[in-house]
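Working notes, beginning with the structure itself.
The values are calculated or read from the model by the stated rules, or taken from the named source; none is laboratory data. As the structure is a computational prediction, the values presented were derived from the model and not from experiment. Note that each Cβ is placed from the backbone with ideal geometry, even for glycine, and that neighbours are counted across all protein chains shown. Quick note on the areas: whole protein, heavy atoms, side chains included, nothing else; ligands and nucleic acids left out. Shrake-Rupley method; radii C 1.70, N 1.55, O 1.52, S 1.80 Å.
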Amino acid sequence: MISTIYCGTFAWNVVFTFDNVIDALNHCNEEDKTEHIKLPINGKDIMETYGLKSSPTIGKALVHVKDEYIKNPSMTKEDALELVLDFLKSYSS
């Protein structure tokens, strides 16, 4: 039997076994822990600082900042904007 497990905007289609359900729920639990992190910047900061318009790239940059912020929660706004600049340079290459 195939089952769908929903977790925020993420859905897993899994063969219904106990281990698969546990794996999917553990993934959801990890996602929930990082979903509501308050970053030192937001999309508006990125657009204003770098003169960009709203786009999926802004969201991808924020995901990159979030990943790094988890490793270094003392990150400042300036640090985060520098990360975004590096991300944008590598993303456009």
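For segment 42-65, the criterion of being assigned to a helix (DSSP H, G or I), under 14 Å from Phe87 (Cα atoms), charged (D, E, K, R) and at pLDDT 90 or above is met by at least one residue.
Could you check, for segment 7-20, whether at least one of its residues is modelled with pLDDT under 80, open to solvent by 80 Å² or more (accessible area, probe 1.4 Å) and polar (S, T, N, Q)? Among the residues of segment 7-20, at least one is modelled with pLDDT under 80, open to solvent by 80 Å² or more (accessible area, probe 1.4 Å) and polar (S, T, N, Q), which makes the answer yes. Taking only segment 68-93 into account, find how many residues are surrounded by fewer than 12 Cβ atoms within 10 Å (Cβ to Cβ), at pLDDT below 95 and among the β-branched types (Val, Ile, Thr). Adding up the residues that qualify gives 0. Can you name the residue in segment 66-89 that is part of a helix (DSSP H, G or I) and free of Cβ contacts under 8 Å to residues at least 12 places away in the same chain and is also nearest to the chain's Cα centre (by Cα) among such residues? Among residues in segment 66-89 that are part of a helix (DSSP H, G or I) and free of Cβ contacts under 8 Å to residues at least 12 places away in the same chain, the one nearest to the chain's Cα centre (by Cα) is Asp67.
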